[in-house]
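Only the coordinates and a few stated rules stand behind these numbers; no lab work does. The shown structure was predicted, so the numbers you read here are calculated from the model rather than taken from an experiment. For neighbour counting, all protein chains shown are included, and Cβ atoms are generated from backbone atoms with ideal geometry for every residue, glycine included.
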Amino acid sequence: MKIISADERLAAKSGIKGIILGPAGIGKTSLLHSLDPATTLFVNAEAGELSVQDWGGDMIRLRTWGEARNLAVAVGGPNPSYAEDAVYGPGHYKAALEIFGDALAKYETIFIDSITEVGRLAFTWAKLQPESFSERTGKPDTRGTYGLLGREMVDWLKQFQHAPRVNVWLVGLLNTIKDEFGRTSHVMQIEGSKTALEAPGITDQVISMVQMQPEEGKPYRAFVAHAVNPWGYPAKDRSGRLELIEEPHLGRLMAKIRTPQKPAPERLNFHTPTPDASTPTEATQQEQVQ
C-alpha cells in the first residue's frame, strides 16, 4: 500500500462510471452516435443494434454470464483480495487476457446495453447453482437464488468501478410504478432488489433519460442529473458539474464532467436556511398542541 501524493492524484485521469436509465424506446442505445466510434466498444447483451446499424464502432455480444464475468475482469483487472483461482482473481484475469489479448487497450469508453439484460443472464446462471436448491429437500430455493444473484451483480459492477482509465456506461430500463394510493415512483428494471439499491453507490453518475413535457411547446428528451429533482427520477452527480437537466448527448456530458471545477468554497453550500417566521417549527407546534 502506497501513499498517493496530491500531485499524482490531481494529474491522474480517471474514467467515468455511470448508469443511464430510461423507458423503452427513448433512445438509450442511440447515444452511441454521440461517442467516438474509434475509441468506444459497444457491448451488446440485448441484440438490439437495429438503431445503431450505421454506427462505425466495434461491438461484442454477451450471451452468457461467464462471458460477462470475463469482460469485467479483463477491463477492471484482478482483485488483489481474491484467491488465485477465484472469480475475478489473478488466475481468472490471466485466462481473460488469453481471450481478449490487448484488444481492449484502444478503447476509452465501454458502452454496455444493457444492465437489465446482464441481470437476466446472471439470474439464469444463478438458478442452476447449488445455492438455488434446498440442502434438505433438493427443491428450488428462491431466496438462495436471489441472494446469489445480488452478490454476483454487485461484484461484477465493482470490477468496472476499479478500471482506472476507461469510461464505463451501462444503460438500463426505467420503470414507472403506481402504488395503490396513486403515488408514482421510478425504479431501475432489473432482477432482484440488491443491484438496484447498490448500483448507484458504486457508479459515479446515475442519469435518467426521459421525455419532458413543458407547459407550452412540444415534448423533448432530456437527461435528469440531480438526485434532488421534482419528478423523483433516480439520478446522481458525483462530479458536481452538471445541471438539473442536461441535453441527451453522452459525449458532451462526459466533456462537461471533465471541465475544471470551481474551488470548493465557491461551489459547495454549507448554509442551512433559517426557518421562516410564518412556518411553525416542531417546537412551536408542540407548544400549540399543549
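With a 10 Å cut-off between alpha carbons and a GNM built on the chain, which of Ala196, Ala122, Ala255 moves the most?
Ala255
So what's the back-of-envelope 222 nm ellipticity for the chain, counting only DSSP H runs of four-plus at -39500 (n - 2.57) apiece and dividing by all residues, rounded to 500?
Taking each H run of at least 4 residues, the total per residue is -9000 deg cm²/dmol.
Going Cα to Cα from Lys139, which aspartates and glutamates come in below 20 Å? Please leave out same-chain ones fewer than 8 positions away.
Within the straight-line cut-off, Lys139 pairs with Glu131.
Within the P(r) computed for the chain, what percentage of the Cα pairs occupies the region above 23 Å?
Counting every Cα pair in the chain, those more than 23 Å apart make up 62 percent.
Quick one: putting +1 on the C-beta of Lys and Arg, -1 on the C-beta of Asp and Glu, what dipole do you get for the chain around its Cα centre, in Debye to the nearest 20?
340 debye
Which lysines does Lys236 reach when only Cα atoms under 30 Å apart count, and residues fewer than 8 places away in its own chain are ignored?
Candidates past the 8-residue exclusion: Lys13, Lys17, Lys28, Lys106, Lys158, Lys178, Lys194, Lys218, Lys256, Lys262.
Can you list which of the GluC sites (Glu not before Pro) found in region 163-218 are DSSP loop residues with at most 15 other C-beta atoms within 10 Å?
Passing sites in region 163-218 are Glu180, Glu215, Glu216.
GNM, the chain, Cα, under 10 Å: largest mean-square fluctuation among Gly101, Gly66, Gly217?
Gly217
Helix 65-76 versus the longest principal axis of the chain: what angle, 0 to 90°, nearest 10, using Cα atoms?
The two axes meet at around 70 degrees.
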